[in-house]
């Protein structure tokens, strides 16, 4: 009976070890690369968590820190692939990548151009004020942030198949314990 109890305790502890994974994402809004880092259980990275940025060859491009909601913003100066590394402690390291194709063509590596030549102004139908496409992109990105977080969380949640598989695994272990116990009783007789 002690062995069965010990097995159950070890099983419960191991389930807690796999209770969450690191999740995140990076998205370009013009020259700004916005990102978020957190855990699959919904908790976000602590405020002030360091985010290191590298190019594909591993050359450091800079560092930023997360805010209290796990978000960070890095301003790209070149149209290259950016690699992000977030060390969230306790062995949790999140690595993300933003492809160069997602950044605007106007980034030439020399300076940051916030308004590319090919962007045009659009008139708002609400109050007649002119709004630049860049402003619309920023407004849309703000609305999409919560949706990105929900999608990431849904991808990481355990499905019915995972739950049934876990229950089957537990019953399999209990069956092995019962088999070993039965063999011991037969040997003693």
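Each value in this text was obtained by applying a stated rule to the coordinates, not by laboratory testing. Because the structure is a prediction, the values reported are computed rather than measured. Here the Cβ positions follow ideal geometry from the backbone for every residue, glycine too, while neighbour counts run over all protein chains shown.
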Extension gain, residue 143 back to residue 167 (0.36 nm per residue minus Cα-Cα distance, nm): 4.7 nm
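Give me the number: length gained by fully extending residue 101 to residue 179, i.e. 0.36 nm times residue separation minus the C-alpha to C-alpha distance, one decimal in nm.
Length gained between residue 101 and residue 179: 22.2 nm.
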Approximate spin-label separation residue 73-residue 52, in nm, with each point projected 7 Å along Cα-to-Cβ: 2.5
For peptides 85-96, 24-35, 162-173, 45-56, sequence by mean Cβ density within 10 Å, most packed first: 24-35, 45-56, 85-96, 162-173
Simple label model, 7 Å out from Cα along Cβ direction - residue 81 to residue 59, nm: 1.6
Those residues of segment 30-58 whose amide nitrogen sits under 15 Å from the label point placed on residue 21, 7 Å along Cα→Cβ: 38-42
Exposure proxy ranking, count of Cβ atoms within 10 Å, fewest first, for 106, 57: 57, 106
